[in-house]
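Please read the structure below before turning to the comments.
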Amino acid sequence: MSASPVYLDAATAAPLHPVARQALLAALDDGWADPGRLYTQARRARQLLDAAREATAATLGVRADELSFTPSGTTAAHSAVLGGLTGRRRVGSEFVHSAIEHSAVLHAAERHVAGGGTATSVPVDRLGRVDLDAWSEAVRAPGVALAALIAASHEVGTVQPVDAAADSCAAAGVPLYVDAAQVVGRGSVPAGWSVLTASAHKWGGPPGVGLLVVRKGTRWESPWPADERESGRTPGVLNLPAVVAAAASLRAAAADAATEAARLAPLVDRIRARVAAEVPDVEVVGDPDHRLPHLLTFSCLYVDGEALLHALDRRGFAVSSGSSCTSSTLRPSHVLEAMGVLSHGNVRVSLHRETTEADVERFLAELPGIVAGLRAEAGVVGL
């Protein structure tokens, strides 16, 4: 009998939190009506929406009227960037961002540039940490409308110096947008930002719910056609049962965050140490100290990334990769490329509340043989 599957890709989507499942099922009965109407069912839906907003705002430490729910984390990121730039178009059209932002932010930057704006990408070091001197210089340039810095790298786990970057932005009078998708529900949210986004399926909420927080006093204007919902920040009817489940699971995840971080960090430390010691020609990437407690990335030389993921999947391990695989049409991960580290045979492992020590041990026991087998198939022997 084959062993049960081991899911190690929480950075993409964490398994649904039990609290989210309970809240979702309850809200399906109570939250199907349009909360913008006036009849009894709609008023009940409005109560659910207001309660979800209050609970989420309290968890984040923000005002409820600063928070909007969006149809996804990607939509929230697009809204943050394009809305922040639109709101300050009289100041200028320059967008400053780190080289390792999520692709949603980079795609919004491409749209901005295609429309006549400009963008500056600030480099990172080999650990994936933004160059603060280059950042400070970039945000001080004339005509900067908005700056964006991810709270922690979704690919390698390096936590960014957001507080210091925010100080540079404040000194230059530039609002800062922080993509906090990997830290909300898992740890403390950095300070000093004007706009923040997150995504529910990263903390164990259902997919299809994003958070957009715009601080009072921030010049931000919706880039979308006018809509009366969500204070005009994002158009369309919300998936209210999913929003309720997202709010409930965020509160539960945040309450357990410190305990979970203390449990998962030693497991990640174990993987970092054992992979480096037991798999030849491997590079563990990202900051060894200032990093997320649940995520690590390593690259194996002489191994095709896609083949490695398929081989791991056949043995029951679900992981992800930022590598280029071998296809000439696919580029390496822009994050690994910006860091100047090895991108071939790249594996990202990210743990979650259901990950056990036995899961980690099984992964560590099987990985060296899987890598050696792929290298042998490729004719790479004697390492």
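The values are calculated or read from the model by the stated rules, or taken from the named source; none is laboratory data. Remember, predicted model here, so these are calculated numbers, not experimental data. Neighbour counts are summed over all protein chains in view; Cβ atoms, including those assigned to glycine, are modelled from backbone coordinates with ideal geometry. Surface accessibility is based on the protein's heavy atoms, side chains included, excluding ligands, DNA and RNA. Shrake-Rupley method; radii C 1.70, N 1.55, O 1.52, S 1.80 Å.
In whole percent, what relative contact order does the chain give with Cα contacts below 8 Å and a gap of six or more residues? Don't jump to the answer; show the numbers that get you there.
On the way: 789 pairs, mean separation 84.4, N = 383.
Reported relative contact order: 22 percent.
When the chain is fully extended, how far beyond the present Cα-Cα distance does ALA170 get from GLU377, taking 0.36 nm per residue of separation?
Values: separation 207, 0.36 × 207 = 74.52 nm, distance 5.48 nm.
Result: 69.0 nm gained on full extension.
Hey, got a sec? Which trypsin sites (Lys or Arg not before Pro) in region 236-305 land in a DSSP loop and have at most 10 other Cβ atoms within 10 Å? The partial results should precede the final answer.
On the way: sites: ARG251, ARG263, ARG270, ARG272, ARG274, ARG291; in loops: none.
Answer in residue order: no site qualifies.
Taking the Cα-to-Cβ direction at GLU221 and at ALA358 and moving 7 Å from each Cα, how far apart do the two end points lie in nm?
5.9
Give the separation of the Cα centroids, region 353-371 to region 153-213, in Å.
30
When the dipole is taken about the Cα centre of region 1-120, and only Lys, Arg (+1) and Asp, Glu (-1) are charged at their Cβ, what size is it in debye, to the nearest 20?
Computed about the Cα centre, the dipole is about 340 debye.
Can you give the FRET efficiency to the nearest 0.05 for ALA365 and ASP256, using r as the Cβ-Cβ distance and R₀ = 41 Å?
Values: r = 28 Å, r/R0 = 0.69.
With a Förster radius of 41 Å, E is 0.90.
Round to a whole number: what % of the accessible area of region 1-112 belongs to carbon and sulfur, probe 1.4 Å? Write out the running numbers ahead of the final one.
Numbers: 2930 of 5410 Å².
Reported share for carbon and sulfur atoms: 54 percent.
Just check the chain against the gyration tensor rule for me: Cα atoms, a ≥ b ≥ c as the square roots of the eigenvalues, rounded for a/c under 1.5, and otherwise prolate or oblate depending on whether a/b exceeds b/c.
Values: a/c = 2.09, a/b = 1.31, b/c = 1.60.
Cα axes put the chain in the oblate bin.
Quote the charge dipole size of the chain about the Cα centre in Debye, to the nearest 20; the model charges only the Cβ of Lys and Arg (+1) and of Asp and Glu (-1).
On the way: 34 positive and 41 negative charges, 196 e Å.
Dipole size: approximately 940 debye.
Skip the ligands, DNA and RNA, and give the accessible area per residue of region 224-383 with a 1.4 Å probe, whole Å². Numbers along the way, then the final one.
Values: 7030 Å² over 160 residues.
Per-residue value: 44 Å².
For region 305-311, in order, what is each residue's ³J(HN,Hα) by Karplus, 6.51 cos²θ - 1.76 cosθ + 1.60 with θ = phi - 60°, in whole Hz (x at glycine and Pro)?
Coupling constants for region 305-311: x, 5, 4, 5, 5, 5, 5 Hz.
Expressed as an acute angle from 0 to 90° and rounded to the nearest 10, what is the orientation of the C-alpha long axis of helix 73-87 relative to the principal long axis of the chain?
50
At 1.4 Å probe size, with every protein chain present, just tell me what the per residue accessible area of region 95-205 comes to in Å². Write out the running numbers ahead of the final one.
Numbers: 3710 Å² over 111 residues.
In whole numbers, region 95-205 has 33 Å² accessible per residue.
Per residue of region 286-301, what does 6.51 cos²θ - 1.76 cosθ + 1.60 with θ = phi - 60° give for ³J(HN,Hα)? Whole Hz please, x for Gly and Pro, Karplus curve as stated.
Using θ = phi - 60°, the values come out as x, 5, x, 10, 8, 8, 5, x, 10, 9, 8, 9, 9, 10, 10, 5 Hz.
Can you compute the label reach from ARG315? Point 7 Å from Cα along the Cβ direction, backbone N cut-off under 20 Å, restricted to region 247-281.
Hits in region 247-281 for ARG315 at 20 Å: 267-281.
Output wanted: per-residue J couplings in Hz (rounded whole) for region 23-40, from phi through Karplus 6.51 cos²θ - 1.76 cosθ + 1.60, θ = phi - 60°, x for Gly and Pro.
5, 5, 5, 5, 6, 4, 7, 9, x, 8, 7, 6, x, x, 8, 10, 7, 4
Antiparallel versus total DSSP beta bridges in the chain: what percent is that, nearest 5? Spell out each step's value before the answer.
Working: 22 of 39 bridges.
Roughly 55 percent of the DSSP beta bridges within the chain come out antiparallel.
Local charge sum around ALA246 (other residues, Cβ-Cβ under 15 Å, Lys/Arg +1, Asp/Glu -1)?
Working: positive: ARG21, ARG53, ARG186, LYS202, ARG251; negative: ASP50, GLU54, GLU230.
Here the charged neighbours net out to +2.
Lys/Arg Cβ at +1, Asp/Glu Cβ at -1, dipole of the chain taken about the Cα centre: which of LEU82, PRO225, LEU308 is farthest positive-ward?
Highest projection toward the positive end goes to PRO225.
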